[in-house]
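A quick write-up on the structure given underneath.
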């Protein structure tokens with residue numbers, strides 16, 4: 001895992017697909033996006049991987065800022081991670097399901113927060129596709145649409161968005177959606 005990479009240039013933003021854990025990109029990007037719940041508790045999946053590698057302090061700082069509305073984001077320090085921030089994107093309620101609207105809003109607000117923080121690079125997971133139960137193929141379309149829309153707004157700082165896709169199925173779904181976007 002982790003060897004394959006697909007890239008597409010959209011305006012000044014490079015969209016990249018990476019097959020592997022989002023924490024593998026620590027030190028390669030300025031911030032990792034956590035697929036969070038509205039209470040900002042970090043349990044399994046992406047959140048669990050970030051907490052295991054970065055430390056409990058990430059969750060403690062996030063929870064102090066919560067709860068947050070569905071689709072909203074907050075930024076925290078990165079604990080023991082080498083990146084600068086973790087952006088927590090609330091794609092679902094605790095124990096709930098992700099929706100197209102929550103995935104779209106979480107993605108859009110993560111990109112805006114990265115730009116607001118002056119970051120050049122960001123790693124995003126397939127938000128809502130784990131315990132949130134949102135279909136991978138639709139998540140790929142929605143999230144890539146949001147990055148393309150954001151790139152069209154000519155961001156001043158954010159130049160690279162990497163989708164960290166855990167497993168061959170997720171990678172394939174995003175690769176196919178990226179191919180459909182055209183050049």
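Pairs meeting the criteria (first residue in the stretch 1-17 and farther than 16 Å from residue 167 by Cα, second residue at pLDDT below 90 and loosely packed, with under 12 Cβ neighbours inside 10 Å, beta carbons under 9 Å, at least 6 apart or on different chains) are 8/183; 9/183. Of all the criteria given as (1) farther than 13 Å from residue 108 by Cα; (2) not in a helix (DSSP H, G or I), the one not satisfied by residue 170 is (2). Give me the residue from the stretch 19-48 that is out of contact with any strand residue (DSSP E or B) (no Cβ under 9 Å at 6 or more places or on another chain) and in contact (Cβ under 8 Å) with a residue 24 or more places away in the chain and, out of that set, nearest to residue 76 (Cα to Cα). Among those that are out of contact with any strand residue (DSSP E or B) (no Cβ under 9 Å at 6 or more places or on another chain) and in contact (Cβ under 8 Å) with a residue 24 or more places away in the chain, it is 41.
Between 149, 180, the distinction of being over 14 Å from the mean Cα position of the chain (by Cα) and at pLDDT below 95 belongs to 180 only. Here is a check on your reading of the model: is residue 107 outside any helix (DSSP H, G or I), surrounded by 19 or more Cβ atoms within 10 Å (Cβ to Cβ) and within 14 Å of the chain's Cα centre (by Cα)? It is false that residue 107 is outside any helix (DSSP H, G or I), surrounded by 19 or more Cβ atoms within 10 Å (Cβ to Cβ) and within 14 Å of the chain's Cα centre (by Cα).
To keep it simple, each residue is scored yes or no on (1) in a strand (DSSP E or B); (2) surrounded by fewer than 22 Cβ atoms within 10 Å (Cβ to Cβ); (3) modelled with pLDDT under 95.
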{"position": "1", "(1), (2), (3)": "no, yes, yes"}
{"position": "36", "(1), (2), (3)": "yes, no, no"}
{"position": "50", "(1), (2), (3)": "no, no, no"}
{"position": "82", "(1), (2), (3)": "no, yes, no"}
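Among residues that are outside any loop (DSSP other than H, G, I, E, B), touching a strand residue (DSSP E or B) at 6+ places or on another chain (Cβ under 8 Å) and surrounded by fewer than 22 Cβ atoms within 10 Å (Cβ to Cβ), residue 138 is not included. Restricting to the stretch 52-67, give me the number of residues that are closer than 18 Å to residue 102 by Cβ and either surrounded by 21 or more Cβ atoms within 10 Å (Cβ to Cβ) or in contact with a helix residue (DSSP H, G or I) (Cβ under 9 Å, 6 or more places away or on another chain) (or both). Here the count works out to 1.
The values are calculated or read from the model by the stated rules, or taken from the named source; none is laboratory data. Since this is a predicted model, take the numbers as computed values, not measurements. In this analysis, Cβ positions are derived from the backbone assuming ideal geometry, glycine residues included, and neighbour counts consider all displayed protein chains.
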